[in-house]
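Colleague: Can you read through this structure? Questions will come right after.
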Amino acid sequence: MMRATRHRPRPWAALLLSATLLTGCSEMNLFGHMAKRAAGDDPPPVGGAAPNYKIGKPYQVKGVWYYPREDWEYDESGIASWYGPDFHGKQTANGEIFDQNAVSAAHKTLPMPSVVRVTNLENGRALVIRVNDRGPFANGRVIDLSRRAAQLLGFEGQGTARVRVQIMPEESRALAGKLNTAPTAGGREPQVAAAPRESVTAETLPAPGSREAPRTISSGTVSSPAEARNAQALAKAERALANPDVQMDSVKATSLFVQAGAFSRHDNALRLQARLSGVGRPVISQTHVKGQTLFRVRFGPLSSVEEADRLLESVIATGQQDARVIVD
């Protein structure tokens with residue numbers, strides 16, 4: 001693996017040179033994470049390796065803006081990649097130390113840490129994974145897994161896999177709360193003291209007329225239902241993360257597409273379709289998302305990830321920076 005020298009006068013020139021010379025999975029992993037470090041979403045200073053809750057500010061990589069936020073309904077299918085030796089022992093974007101032999105993941109916008117369930121749609125293997133880093137920034141990738149996570153999901157050798165990524169909202173909120181934060185839909189707020197909990201005491205009463213004092217037989221506190229649910233979610237998340245357990249899901253055959261855009265107006269989709277006629281023959285398909293009708297401009301189905309990657313680059317070159325690879 002190539003290493004950048006300390007006296008480079010043009011960081012982006014070295015970055016582009018490295019990306020040109022490397023091939024295959026290593027190329028995607030190295031380029032994506034070098035781009036991450038140049039994105040402006042910098043990790044804390046060295047020495048701050050204690051985990052912390054972080055959403056982060058909007059940042060730009062290769063002309064594309066990313067907007068980190070809390071999204072408790074996140075559920076996306078796409079292409080996963082993995083990273084390992086070149087970043088082993090280095091800091092992640094939220095201040096932890098990356099261990100390629102542990103189960104973790106990098107995501108472009110989800111809070112850090114978040115708990116996600118990643119399912120390999122090619123073999124049915126599913127794993128609960130902790131997001132603690134930013135990336136991947138290679139076009140067409142939705143999540144970057146540690147080497148160990150890729151091994152457990154069965155795609156280390158091939159480099160990529162079709163996956164479904166689903167956030168686990170209760171577990172993610174509970175994990176964030178443990179790190180002394182109070183995440184909300186719009187960001188973070190300082191944590192406040194817990195509300196007082198009512199004490200409960202049971203006593204035995206003496207017989208009528210007796211001078212014997214009442215005796216306490218039990219005492220304790222009553223937690224609110226919300227506190228109880230949060231504690232259960234935290235315990236569940238910590239068990240799953242401490243002992244990664246591969247589960248098997250039933251999966252069906254999927255197809256690959258490059259989606260250039262999605263619009264609520266059909267005429268906007270027609271205009272994009274015409275503009276992309278020089279790239280190929282995109283098709284307009286109609287779908288319904290959360291009660292809204294959308295018109296998608298897509299290429300496909302495609303035969304391989306490699307074909308999808310090439311087509312995606314051609315679409316992005318026309319100015320469609322939001323184009324992406326879709327697994328459907």
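The values are calculated or read from the model by the stated rules, or taken from the named source; none is laboratory data. No experiment lies behind these values; they were computed from the predicted model shown. Virtual Cβ from ideal backbone geometry, glycine too; neighbours counted across all protein chains shown. Just the protein is used for accessible areas: all its heavy atoms, side chains included, with ligands, DNA and RNA removed. Shrake-Rupley method; radii C 1.70, N 1.55, O 1.52, S 1.80 Å.
Colleague: Would you mind getting me the FRET efficiency between Asp99 and Glu227? Use the beta-carbon distance for r and R0 = 30 Å, nearest 0.05.
Modeller: 0.40
Colleague: Report the paramagnetic label zone for His288: residues of the range 247-281 whose backbone N is under 20 Å from a point 7 Å from Cα along the Cα-to-Cβ axis.
Modeller: Those under the cut-off are 262-267.
Colleague: Give the distance, in whole Å, between the Cα centre of the range 103-175 and the Cα centre of the range 60-92.
Modeller: 9
Colleague: Calculate the spin-label point distance for Lys252 paired with Asn123, positioning each point 7 Å from the Cα along the beta-carbon direction, and give it in nanometres.
Modeller: Taking the simple label geometry, Asn123 and Lys252 are separated by 2.3 nm.
Colleague: Of Glu238, Glu70, which has the most accessible area and how do the rest follow, probe 1.4 Å?
Modeller: My answer, sorted largest first, is Glu238, Glu70.
Colleague: Filter Lys178/Lys236; Lys62/Lys290; Lys90/Lys236; Lys54/Lys178; Lys108/Lys290 down to the pairs with a C-alpha to C-alpha distance above 19 Å, please.
Modeller: In this structure, Lys62/Lys290; Lys90/Lys236; Lys108/Lys290 lie more than 19 Å apart at Cα.
Colleague: Also, quick follow-up: For Gln60 and Arg239, calculate 0.36 nm times their separation in residues minus their Cα-Cα distance, and state this gained length in nm to one decimal.
Modeller: 60.9 nm
Colleague: Using 0.36 nm per residue, how much length does the chain from Ala274 to Tyr67 gain when fully extended, once their Cα-Cα distance is taken away?
Modeller: So the chain would gain 71.6 nm between Ala274 and Tyr67.
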